[in-house]
Amino acid sequence: MKRRDLLSLASAPLLAACATPPASPPVAPPAPVPPSEAALAPTPPASAPATPSALPPPPPREWRAAWIATVANIDWPSKPGLSAEAQQTEIRALCDTAQRLGLNALILQVRTAVDALYESRLEPWSEVLTGTQGKHPGYDPLAVWLAECRARGLELHAWFNPYRAKHSSAKSALADTHLSRTHPDWVRRYGDQLWMDPGEPGAAEHTLAVVRDCLSRYAVDGVHIDDYFYPYPVTDTASKQEVDFPDEPSWQRYVAKGGALARADWRRYNVNTLVQRLYALAHEVRPGTRVGVSPFGIPKPAARPAGINGFSQYDKLYADVELWLREGWMDYLAPQLYWPRSQTAQAFEPLLQAWRANNPLGRPIHPGLFTSRINDTPQSWQPDEVLAQIDIIRRQSPGSGHIHFSMVALAQNRKGIADALRGGPYASSPTG
């Protein structure tokens, strides 16, 4: 979601290396299990992901990462329409900054809205590169990012938005090859955005095909999804009521086929199935790839510690993150803990403790830190807030890690945050 809205939302009643071949040739994804009451049970179907014993071990060092958000040109490229050379100069500068600061991983947004920041036959080039969706930027950005990260010893994880089809900041006309034009029946308008309907089986198959294609051709270290599942609710300006997501066609088809789940449970089933299949697919196509999920930072109401309240992604985004964590459908969790320690209803330390308590398989938890909240506004955080949060993470989970949202705050060294990190918590190597 828009990170500038997070604080208010939380308190309402209620974001050459490509040539390595995969270990085995890709095969078609398994067919989805028909929705039913049993579909919400924790037992995976035959296409379930690997058992915990077959998973790659947790990273042997503290994971120091940053998101590279490309939607709306938040982090990179600095603006659309730069030359290929200028864009690559910015890539190298950001990688240099990451290495100099002491990071060891970057998470690059490669699919912002059913588009691509890499060579793809399935989706059009993103408008954030040239200003025009579908226009070739003159090079392969993901391949360059991979090469530059490899040269500096940095992991690179590919970040996909699974359902968003058009962002509210988009200015370019949609390309003829965009999903909203080739399969308009899979896409819904909701507020000022377009959204793939998670209840449309073809839409889910398309997203899985996109991830399969990317993983089969680019040797990324991980696959990453964030907090966008069903969209954040839109409020009708006249009635002041939340507008329900317009999935009536897919819902009615489900009901007509005998589906018995309540609508909210059916929506959660749709998302659960995608997350489970994405996890299995990633480990099938490129064994050793780490799958990360970065959800909204507050657990569902039944799993919250006393005193914590706010937005429920379980009820509004239909994301049952606790189920995914319990079943092991991810290799690391990165809850977006975007509130200061002093904000009692969303306090950082109790939230981190709550996620750790809901982690029976012991998956690494790398909280997302709202480093970009350090800015030139009166509401700006001071660098000490981020440093203190890192200290809390280290005390609760020594050797785990964290992710900064986002790289731009570090590259700009806002209020000296990069200097403070380099001279403080990052003064020693991640293994030191």
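Among the candidates VAL210, VAL255, which residue alone is closer than 23 Å to TYR118 by Cβ and either of a type outside the set (Asp, Glu) or assigned to a strand (DSSP E or B) (or both)?
Exactly one of VAL210, VAL255 is closer than 23 Å to TYR118 by Cβ and either of a type outside the set (Asp, Glu) or assigned to a strand (DSSP E or B) (or both), namely VAL210.
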- Taking region 226-269 and keeping residues farther than 30 Å from VAL110 by Cβ and among the small types (Gly, Ala, Ser) leaves ALA238, SER239, ALA256, GLY258, GLY259, ALA260, ALA262, ALA264
- Per-region count, region 172-201, residues among the β-branched types (Val, Ile, Thr) and part of a helix (DSSP H, G or I): 1
- Item | Criterion: small (Gly, Ala, Ser) and in contact with a Lys or Arg (Cβ under 9 Å, 6 or more places away or on another chain) - qualifying residue of ALA388, ALA357 | ALA388
- Query: Does PRO398 fit the bill of being in contact with an Asp or Glu (Cβ under 7 Å, 6 or more places away or on another chain) and closer than 17 Å to GLU62 by Cα?
  - Reply: no
- Among (1) over 20 Å from GLN252 (Cα atoms); (2) open to solvent by 10 Å² or more (accessible area, probe 1.4 Å); (3) in contact with a helix residue (DSSP H, G or I) (Cβ under 6 Å, 6 or more places away or on another chain), the one test that ASP236 misses: (3)
- Got a number for residues in region 96-121 being surrounded by fewer than 17 Cβ atoms within 10 Å (Cβ to Cβ) and in a loop (DSSP other than H, G, I, E, B)? 1
- Item | helices (runs of 4 or more DSSP H) (entirely within region 322-432) containing at least 2 residues that are open to solvent by 60 Å² or more (accessible area, probe 1.4 Å), basic (Lys, Arg) and more than 30 Å from LEU274 (Cα to Cα) | 383-396
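Please work out which residue is surrounded by the most Cβ atoms within 10 Å (Cβ to Cβ), limiting yourself to region 281-303 and to residues that are of a type in the set (D, E, K, R) and in contact with a helix residue (DSSP H, G or I) (Cβ under 6 Å, 6 or more places away or on another chain). So that I can check it myself, show each step before the final result.
Of the residues in region 281-303, the ones of a type in the set (D, E, K, R) are 284, 286, 290, 300.
Add one more test, that the residue is in contact with a helix residue (DSSP H, G or I) (Cβ under 6 Å, 6 or more places away or on another chain), and what stays is 286, 300.
Details: ARG286: 24, LYS300: 16.
So, considering only residues that are of a type in the set (D, E, K, R) and in contact with a helix residue (DSSP H, G or I) (Cβ under 6 Å, 6 or more places away or on another chain), the one surrounded by the most Cβ atoms within 10 Å (Cβ to Cβ) is ARG286.
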- If you scan region 153-170, which residues turn out to be farther than 29 Å from GLY191 by Cβ, in a loop (DSSP other than H, G, I, E, B) and open to solvent by less than 40 Å² (accessible area, probe 1.4 Å)? LEU154
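The values are calculated or read from the model by the stated rules, or taken from the named source; none is laboratory data. Since we're looking at a predicted model, the values are computed, not measured. Quick reminder, even Gly has a Cβ in these numbers, built from the backbone with ideal geometry, and neighbours come from all protein chains shown. The protein model used for the area step is the full one, side chains on, heavy atoms only, and it has no ligands, DNA or RNA in it. Shrake-Rupley method; radii C 1.70, N 1.55, O 1.52, S 1.80 Å.
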